[in-house]
1. Work out the FRET efficiency for ALA21 and HIS133 from their Cβ-Cβ distance, taking R0 = 22 Å, and round it to the nearest 0.05.
2. Using just the C-alpha positions of the chain as equal point scatterers, what log10 of I(q)/I(0) does the Debye formula give at each q in 0.09 1/Å?
3. Roughly how much of ARG287 is accessible, in Å² to the nearest 10, using a 1.4 Å probe?
4. Would you mind getting the accessible area per residue of the chain, heavy atoms of the protein chains only, 1.4 Å probe, in Å²?
5. What's the local net charge at THR137, with K and R +1, D and E -1, over the other residues with C-beta under 12 Å away?
6. Please list 3J(HN,Hα) in residue order for region 102-118, calculated via the Karplus relation 6.51 cos²θ - 1.76 cosθ + 1.60 where θ = phi - 60°; whole Hz, with x for glycine and proline.
7. In nm, what is the difference between 0.36 nm times the number of residues separating ALA337 and ARG360 and their Cα-Cα distance?
8. Between GLU100 and ARG40, 0.36 nm times their residue separation minus their Cα-Cα distance comes to what?
Amino acid sequence: MDALLTAAGPEAQLSRLLGTAPHRLVAGCVTTGRWESDLRACLDLLADQSAAADGLITEAVAPVVAGGKRLRPLLALATAYATWCCAPDGAAPGRPAREEVCERAVRGGAVAELLHLASLVHDDVMDEADVRHGAPTVNVREGNIRAVLAGDFLLARALAVAGDLGPREGALGCATFVRLCEGQARESATLFDPARTEDAYYEAITGKTAALLSAACRLGAMAAGVDAAAEQALADYGHHLGLAYQLVDDLLDLTGPAYRLGKPAGHDLVEGVFTLPVLHAVRERPRLAGPLAALREDAGDGAVQDVLGEVLASGGPAYARAAVAEQTRHAAGALSAAAGALTPAGHAMLSELVTCLAGRTY
Ligand code: FPP
Ligand code: MG
């Protein structure tokens with residue numbers, strides 16, 4: 001059946017998401033019972049905002065928009081809730097009314113997700129990728145020209161929603177997408193380079209992943225109207241959570257079972273993206289530099305498996321797991337800095353969210 005016909009609407013997305021670990025975690029913590037209705041409102045807004053007047057772009061992006069874990073909306077909403085919604089009485093002295101906070105957090109979450117979806121559509125063009133969210137990519141279904149247009153469309157829609165929220169939110173949306181582009185450009189500049197430094201790696205993942213998770217948390221904090229110091233601390237929390245998330249993603253690319261990844265292990269090696277475990281391996285075993293650089297010419301299965309075996313044997317995964325633990329500690333430190341703006345239950349929820357996302361095995 002055509003993938004478009006199977007693209008799930010907001011209701012089906014909602015029941016899929018409510019079965020996933022991070023959404024279950026937040027739903028279980030929010031005593032006000034708002035989770036389902038706020039998430040549904042965000043999914044409806046995403047469906048609305050990804051629809052174009054003539055239907056052409058709507059159809060092109062439908063399978064991409066329907067999929068994914070919706071982590072960015074989850075972070076925006078969870079951050080806003082953590083400031084007061086977890087309290088039994090939902091008391092928020094001196095803060096905006098609950099309805100207004102939630103409504104703004106829903107829109108903030110949609111901004112972050114639309115930016116994410118725009119970047120995925122463009123990323124699939126650059127990578128000539130075939131599959132996204134279990135369906136053929138926009139570039140495969142519609143060609144590169146329509147895929148670039150569709151990504152531009154989602155980006156513009158994201159920035160329009162951000163601008164409607166206010167000038168600070170609009171500026172944040174723009175600055176965040178700039179950082180995504182910078183991160184992506186940094187990654188492209190070091191492809192197949194065994195001398196890539198750890199700093200270069202961290203700069204790339206800060207831009208391509210952590211900046212947007214940080215922005216999602218900041219949008220939640222802005223919706224809740226916390227003070228500037230708490231807003232910054234919550235943005236820092238999202239930054240460290242984002243680094244941990246990408247470190248785990250990169251680790252799973254090397255160690256995750258192929259049936260879970262939906263692609264063979266070592267896909268990043270084939271693409272020339274040398275991640276932290278690989279950089280550790282080449283430092284421990286400098287003779288690996290030659291075979292790594294040679295992957296540019298010969299990324300056949302044998303060459304990839306040889307390098308992968310060396311990376312795993314060098315202790316690269318354990319080194320990356322230690323880096324995840326370090327980012328988890330930094331995220332906890334940022335939450336402590338924001339503690340004055342969080343309820344105890346909200347603090348615990350955001351803390352558990354890090355454990356949940358950094359501990360994922362799929
Ligand atoms: C998976 O997120 C994706 C990332 C962690 C970020 C990847 C970054 C890029 C593709 C940068 C692209 C930038 C430009 C400017 C083209 P996820 O696991 O939350 O994905 P999901 O939506 O599938 O759940
Ligand atoms: Mg890519």
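1. 0.75
2. Values returned for q = 0.09 Å⁻¹ are -0.50.
3. Roughly 150 Å² of ARG287 is accessible to a 1.4 Å probe.
4. 40
5. Computed value for this residue: -3.
6. 5, 5, 6, 5, 4, 5, x, x, 5, 4, 4, 5, 5, 4, 4, 5, 4
7. So the chain would gain 5.7 nm between ALA337 and ARG360.
8. 20.0 nm
The values are calculated or read from the model by the stated rules, or taken from the named source; none is laboratory data. Because the structure is predicted, anything quoted here is derived from the model rather than measured. Heads up, the Cβs are rebuilt from the backbone with ideal geometry, glycines too, and the neighbour counts pull from every protein chain shown. When the accessible area is computed, the model is the full protein with side chains, heavy atoms only, and any ligands, DNA or RNA have been set aside. Shrake-Rupley method; radii C 1.70, N 1.55, O 1.52, S 1.80 Å.
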